[in-house]
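The values are calculated or read from the model by the stated rules, or taken from the named source; none is laboratory data. Remember, predicted model here, so these are calculated numbers, not experimental data. Quick reminder, even Gly has a Cβ in these numbers, built from the backbone with ideal geometry, and neighbours come from all protein chains shown. Surface accessibility is based on the protein's heavy atoms, side chains included, excluding ligands, DNA and RNA. Shrake-Rupley method; radii C 1.70, N 1.55, O 1.52, S 1.80 Å.
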Amino acid sequence: PEHWTPVPDTIIQMQKADLILMNGASYEKWLINVSLPAQKVINTSKEFVDQLLESEEVFTHSHGDEGEHEHKGTAHMVWLDLSLAAQQAKAVSLALGSLVPTHQALFEENYRSLEGDLIQLDKEFKDQLNNSKPIVFSQPIYQYLENAYNLDAHSLSLEADTRLSHEQEHSVEHLVEDEHVHHMIWPNAPSKAVEEQLQELGVQSIVFDPLSGKPSTGDFLTVMKQNLERLIPLFEEQI
C-alpha cells in the first residue's frame, strides 16, 4: 500500500465517498498528486503527530532562494505500536459516529471492545519482549515496534527474493560477531536461497507480518498474536 497509486476511476470513487480514512504519517504519498474533499478526510494519526518517528529516507528539496536542503522522512507503520493503533481506532470510531449519529453508541461500544484487546496485547508485547537480546530487521520499517517495546534492534535493507551481496554478507557477519545477533526478522518469508545463505552465516529467519494490508486469514489481532508468538522464543533463549 505504501507504493500504491490510485487510478483515475478510483480517485473519482474516493471523491464521492462519505468518509475517507487515512493512516497519515506520510503513508499515503500519492496524496500530493490527488485532490480530495478535505472535510471528508480523517487522518487517524493526527492526534499523536508529536509521537511520529523518523524513517531512514532522506528527501532533498528547495524553498525559493534558500537552496536545497535535506530532511528525513516519517516512519509510517504507526500501528506497530499497539497503543497508537488504539488511538487510530478511536479516530475511526469518532469519525463514524459523526457521520452516522444514530449509531454512535454502537461505534463507541465496538471501539471500547477493540481498545481493550489492543491494550491487552500491548501489555503482552511489553511483558514478553522484556530484555535487551539483540535482533536485526531485514528492512527499516519496524521503527514503532522497536520504539514501543524497547528492542535492541538493527535494520538492514534486504530483499526477500534477492541473495545478499558481498557487502550485505559482511554487514551480517559483523552483527553476528560483534552484536551476537542470530535472528533476522522479515515482513514475509525470504526465498529458500536467501534463508540458506543466512543460515550459513549463523542467522535464522523469522517472519513478523507488519500488516500493511488485510491478512489472507484472520484479522489484525490474530496475526499480531502470531507475530508475538514467533518472537517470544528469541527472548527466552540465553544470549
Could you please find all residues in the range 179-214 being open to solvent by less than 60 Å² (accessible area, probe 1.4 Å) and under 14 Å from the mean Cα position of the chain (by Cα)?
Ile185, Trp186, Pro187, Val207, Phe208, Asp209, Pro210, Leu211, Ser212, Gly213
Boolean, Lys90 is in contact with a Ser or Thr (Cβ under 9 Å, 6 or more places away or on another chain), under 25 Å from Tyr27 (Cα atoms) and modelled with pLDDT under 95:
no
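With the structure loaded, tell me whether Pro190 is of a type outside the set (Ser, Thr, Tyr) and free of Cβ contacts under 8 Å to residues at least 12 places away in the same chain or whether it fails that test.
Numbers: of a type outside the set (Ser, Thr, Tyr): yes; free of Cβ contacts under 8 Å to residues at least 12 places away in the same chain: no.
Against the criterion (of a type outside the set (Ser, Thr, Tyr) and free of Cβ contacts under 8 Å to residues at least 12 places away in the same chain), Pro190 does not qualify.
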So, in the range 26-44, exactly how many residues are in contact (Cβ under 8 Å) with a residue 40 or more places away in the chain, closer than 19 Å to Lys214 by Cβ and of a type outside the set (Val, Ile, Thr)?
1
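Select from the range 8-30 the residues that are assigned to a helix (DSSP H, G or I), open to solvent by 60 Å² or more (accessible area, probe 1.4 Å) and within 19 Å of Met77 (Cα to Cα) and list them in ascending order. Quick ask: steps written out before the conclusion?
Taking the range 8-30 first, the residues assigned to a helix (DSSP H, G or I) are 8-16, 29-30.
Of the ones still in play, those that are also open to solvent by 60 Å² or more (accessible area, probe 1.4 Å) are 8-9, 12-13, 15-16, 29.
Within the range 8-30, just Lys29 meets the criteria.
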